[in-house]
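Shown next, in structure tokens, is the structure this report addresses.
Values quoted throughout were computed directly from the atomic coordinates according to the rules given, and no laboratory measurement underlies them. Model, not experiment: these values are computed from the prediction. Neighbour counts are summed over all protein chains in view; Cβ atoms, including those assigned to glycine, are modelled from backbone coordinates with ideal geometry.
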Amino acid sequence: MDKLKEECGVFGIYDPNGNVSKTTFYALMALQHRGQESCGIAVNKNKDIYHHKGDGLVNDVFHDPQILDNLEGTMAVGHVRYSTTGGVGPENAQPLVLRYIKGNLAIAHNGNLRNADELRKEYERTGAIYQTTSDTEVIAYTIARQRLNEPSIQQAVARSMDLLKGSFSLVIMSPQKLIAARDPWGFRPLCMGRKGDAYIFASESCAFDAIGAEYERELLPGEIVVIEKGQLTSITDHVNKEKSSFCIFEYIYFARPDSHIHGQSVYESRRIAGEILAKEHPIEADIAIGVPDSGVPAAIGFAKQSGIEYADGFVKSRYIGRTFIQPDQADREIAVRMKLNPLKSNIEGKRVVMVDDSIVRGTTCAHIIQLLRKAGAKEVHVRISSPPFLWPCYFGTDIPSRSQLVAFSNTVEETRKLIGADTLGYLSLEGLQDIAPNAKYGFCEACFTGNYPV
């Protein structure tokens with residue numbers, strides 16, 4: 001499907017009483033939308049680190065209950081992956097587990113390191129041998145090298161903060177400590193929760209809901225939280241060193257709608273975006289529909305603001321994931337029809353407003369519009385709950401090169417003709433500022449503006 005790909009999802013837990021591997025499994029299931037290429041879990045056991053990981057969905061990689069039964073411990077880190085740096089393959093599955101002179105280390109990473117190539121070459125000149133092509137291994141090497149001169153693993157992580165440039169939300173585990181860390185810009189989400197004596201970290205709060213834990217707070221940009229022997233300490237030396245630059249697209253598309261990030265409901269952000277769209281691009285129509293799933297709350301907001309009836313426009317197959325991609329153009333069209341089937345009884349003879357979260361290359365949007373017309377739609381008016389994509393992302397979102405972005409090469413009117421819509425309206429940059437009124441931090445909007453924080 002012609003959609004942006006999620007970055008990754010990370011999870012970490014310290015629980016002196018519980019079965020951490022099974023808890024991590026259920027949490028990763030809740031974070032599956034953030035990555036479907038590979039996954040893994042690592043636990044501390046007998047002063048060592050054991051792990052299991054592989055390509056595929058969480059339920060497939062851990063299909064045998066005995067796998068989780070063998071992963072006993074009081075701490076665990078987990079990961080679901082979509083690759084933005086490094087190729088697809090089992091060697092790049094996370095968590096990465098390293099054994100070095102100071103002991104063992106497991107690391108799970110969400111983000112994209114901008115100076116990974118520079119650091120990789122520097123380490124290779126001093127003898128480093130790499131087992132993967134991911135920038136996560138570069139982060140792990142950086143921490144391991146700093147640990148040689150620092151008194152603790154948390155101080156090594158703090159020292160590494162000065163060397164790593166880009167986006168990284170990390171969950172790190174040694175046999176005795178669990179550490180969560182967020183880059184000084186705060187590009188990617190990372191929050192903390194509690195369940196009894198357990199401390200828990202996750203990319204999104206929906207993971208806490210899945211395991212019956214209580215959300216407590218977001219980690220501050222630049223903060224390092226350490227759990228050791230059931231005690232929590234926070235290192236804030238890098239907090240407020242950089243301008244907060246949280247990825248605005250988490251609210252628009254990436255995060256699950258039942259998550260809360262920085263005090264803002266993701267569902268409400270999408271609904272508000274739809275309301276703003278209705279004000280900025282009003283249209284006379286009979287029904288408003290949303291492209292599942294992230295377009296639905298925006299369509300509900302559009303309908304409420306405009307007074308147009310909201311209706312279900314599509315039946316979505318729940319058995320085809322977000323990464324169902326076929327390289328052949330004909331296969332892509334079949335994939336669209338398999339994933340989304342118009343609800344003809346609601347569409348036929350109607351003037352339809354179709355709300356979606358974004359247009360990347362424009363191919364999928366064009367196919368969906370064709371499906372609506374074949375279902376008997378009299379008119380199809382497209383409204384997009386984000387501004388046009390004009391720039392690639394370097395911080396963990398798989399936005400293609402500018403030449404592949406339909407909005408870069410075409411005006412709004414030209415794009416409208418290409419996708420076959422009667423009208424087309426994007427959320428404005430001004431409107432974008434208002435979609436997360438409760439959010440506590442500033443945003444990165446570089447994919448829309450070209451103003452990169454780093």
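Per-residue HN-Hα couplings for the range 347-361, Karplus 6.51 cos²θ - 1.76 cosθ + 1.60 at θ = phi - 60°, whole Hz, x for Gly and Pro? Coupling constants for the range 347-361: 9, 4, x, 9, 8, 10, 9, 9, 9, 9, 7, 6, 10, 9, 8 Hz.
Shown here is the pair-distance distribution of the range 7-129: with all Cα-Cα distances grouped in 10 Å bins from zero up to the longest one, the shares run 14, 43, 31, 12, 1 percent. Per residue, the convex hull around the alpha carbon atoms of the range 265-441 comes to 123 Å³. Cα centroid separation, the range 223-250 to the range 406-437: 35 Å. Ranking 376, 444, 396 by Cα position along the charge dipole of the range 362-454, where only Lys, Arg, Asp and Glu carry charges on their C-beta atoms, puts 376 farthest toward the positive end. Mind listing which chymotrypsin sites (Phe, Trp or Tyr not before Pro) in the range 249-322 are in a DSSP loop and have 13 or fewer other Cβ atoms within 10 Å? Here the chymotrypsin sites (Phe, Trp or Tyr not before Pro) that fit, given the DSSP loop and packing criteria, are 319. Building the convex hull from the alpha-carbon atoms of the range 8-242 and averaging its projection over directions returns 11.2 nm².
Using a Cα-Cα cut-off of under 21 Å, which lysines could be cross-linked to residue 344, ignoring same-chain neighbours fewer than 8 residues away? Excluding near neighbours in sequence, the set is 316, 374, 378. Cross-linked pairs 102/229; 195/241; 22/53; 165/229: Cα-Cα separations exceed 26 Å for 195/241; 165/229.
Residues whose amide H comes within less than 5 Å of that of residue 444, counting only those at least five positions distant or on another chain, are 246, 247, 248 (H built at 1.01 Å from N in the peptide plane).
Applying both filters, DSSP loop and at most 11 other Cβ atoms within 10 Å, to the trypsin sites (Lys or Arg not before Pro) of the range 104-137 eliminates every site.
For residue 166, the residues whose modelled amide H falls within less than 5 Å of its own, excluding neighbours fewer than 5 places apart on the same chain, are 114. Only beta bridges with both residues in the chain are counted; by DSSP, about 80 percent of them are antiparallel.
The string of couplings for the range 66-81 from the Karplus curve (6.51, -1.76, 1.60, θ = phi - 60°) is 5, 4, 5, 4, 7, 9, 9, x, 9, 9, 8, 10, x, 7, 10, 10 Hz, one whole number per residue in order, with x for Gly and Pro.
For the range 258-263, the Karplus equation 6.51 cos²θ - 1.76 cosθ + 1.60, evaluated at θ = phi - 60°, returns couplings of 8, 8, 10, 10, 6, x Hz by residue, with Gly and Pro reported as x. Compared with the dominant Cα axis of the chain, that is its longest principal axis, helix 20-30 is turned about 20°. In this structure the amide hydrogen of residue 216, modeled in the peptide plane, comes within under 5 Å of the amide hydrogens of 192, 193, 194, none closer than 5 places in sequence on its chain.
State whether the range 68-205 is rounded, prolate or oblate according to the following rule on the C-alpha gyration tensor (a ≥ b ≥ c being the square roots of its eigenvalues): a/c under 1.5 gives rounded; otherwise a/b larger than b/c gives prolate, and the remaining case gives oblate. Judged from the Cα gyration tensor, the range 68-205 comes out rounded (a/c under 1.5). The order of 283, 41, 67, 435, going from fewest to most other C-beta atoms within 10 Å of their C-beta, is 67, 283, 435, 41. Think of each Lys and Arg Cβ as +1 and each Asp and Glu Cβ as -1; about the Cα centre, that makes the dipole of the chain roughly 280 debye.
Overall, the range 8-242 carries a charge dipole of about 480 debye about its Cα centre when +1 sits on the Cβ of Lys and Arg and -1 on the Cβ of Asp and Glu, all other atoms neutral. Rounded to two decimals, the Cα-based Rg/Rh of the chain, with Kirkwood Rh, is 0.99.
Counting neighbouring beta carbons within 10 Å and listing from fewest to most, the residues 354, 161 come out as 161, 354. The range 259-299 and the range 150-195 have their alpha-carbon centroids 34 Å apart.
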